[in-house]
Structure formats: structure tokens, C-alpha cells
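Since the structure comes first, as C-alpha cells, the remarks are kept for the end.
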Amino acid sequence: MIPAAGTVFVVDDNAAVRASLRTLFGAAGLHVETYASGADFLAAYDSRRPGCLVLDLKLRGESGLDLLEQLPPRPATLPVIVLTAYGSVPASVRAMNAGAIDFVEKSMRPVQLLGCVRTALELAGRQHEVEAAQQAIVQRAARLTPREQQIAELLVAGKTFQGDRRLARCQSADRRQLPQQLLDKMHVESTTELIAALLRLRRVPPR
């Protein structure tokens, strides 16, 4: 299990609830930030920070669901747990459709709510590691020379050094050192690992 990491962002217009949740999560060793409104949270939130959002369904003058629907497209590094004083099937369906991972009542036992938050943070941590690895591949690929990029594209297309004349010419032109240079620059040890990294690169959304 990946250790819980990141920040618990609490959005609730009730000061007593915010204080209670800060105490609960803080006592468990979690980093907590609390906000009295959706606008306050949106103004402060940095999407590069992993964590989870604990969101009150009914905020003063606004709906937590409206805030939830304002967040997309958001990274998977911010799972959302919606809190409600009274369960509602339509509200829970709307919350899940908007991307919440859980919909719980405030009457839930603190230890159970803490468990939900830890699960959300573990999910955020795993996704953060995946995104960090993908961005590292992007940065390494950006340092490839035009010839190295050509080799990479041909390898991803399924070509081989033995079976493709263009690859063979690139290889011989660099005295058989170019393939190793490419592996070193991409921080991989084999052509198979290189192709896997390049395929992951294709799935990285532009920023």
C-alpha cells in the first residue's frame, strides 16, 4: 500500500465542521487546508499539488455540486469526497457523474471517514507518481536530436535495425553508438523499454 500523502482540502461553510475535520485529519498525521467557500478554494488551489477534496454538499449561497462541476477537467490527483447531512439519491448520482469517488453522510463515524480520506490520498499518490514518470519521459524526449527522434519514431512504428534500411543507415552513420546514446538519454536499458517509454509518451496530454 502506498503511504497516504498530499493535502486534505476541506470545503465547508460551517466553521465548527471545518475545525472538527482539521482536528480529525491532523491528529492522523495528515496535512489539512480548510476553506469556507468554493471560491476561496478555487482561488488557492494549485492543480500540481496531489491530495483529496472533502466537499460539503450544501455551501452557503452555493452548492458543493456546482463547485464539483466547475473543477473538470481536473487531474486524477484530486479525488473528491462529497459530504452531506442528509443522503439523496439524485444528489449522489450527480456527484458521481461529476467525478466524485465517494458520497458520504456527516453522521459517518470519524474512523470511517478517515478511512475514506486515506483511500483517496493513496489513489492521488499513485496517480501523481504515474504523472511524474510521464513528465520525466517528456523532458528526456525533448532532449533528443532530430536523428534520435527519427530512430525513436521508426522503432515505435515496429521497425528494427536489421530489417529497416533507414534505421540501419542511422546506426552505421554513428558507428553503432547512436542506439546506446538513445537508451542513455531516455534512461532505459533496452530497446523494449525504450519503445514502452515512447508509447507512454504518446499518451501524455499536451500542457
Selection from region 4-37 of residues that are under 24 Å from the mean Cα position of the chain (by Cα) and in a loop (DSSP other than H, G, I, E, B): A4, A5, G6, D12, A28, G29, L30, S37
Test: residue in region 72-94 that is at pLDDT below 80, touching a strand residue (DSSP E or B) at 6+ places or on another chain (Cβ under 8 Å), among the polar types (S, T, N, Q) and crowded, with 19+ Cβ neighbours inside 10 Å: yes
Among (1) modelled with pLDDT under 85; (2) within 30 Å of T23 (Cβ to Cβ), the one test that G163 misses: (2)
Q134 vs. criteria open to solvent by 30 Å² or more (accessible area, probe 1.4 Å), at pLDDT 80 or above and not in a loop (DSSP other than H, G, I, E, B): no
Identity of the residue in region 4-50, open to solvent by less than 10 Å² (accessible area, probe 1.4 Å) and touching a helix residue (DSSP H, G or I) at 6+ places or on another chain (Cβ under 6 Å), that ends up farthest from G115 (Cα to Cα): G38
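The values are calculated or read from the model by the stated rules, or taken from the named source; none is laboratory data. Given the structure is predicted, the values throughout are model-derived calculations rather than measurements. Here the Cβ is made from the backbone with ideal geometry for all residues, glycine too, and neighbour counts use every protein chain on show. The area values use the complete protein model at the heavy-atom level, side chains included, leaving out ligands, DNA and RNA. Shrake-Rupley method; radii C 1.70, N 1.55, O 1.52, S 1.80 Å.
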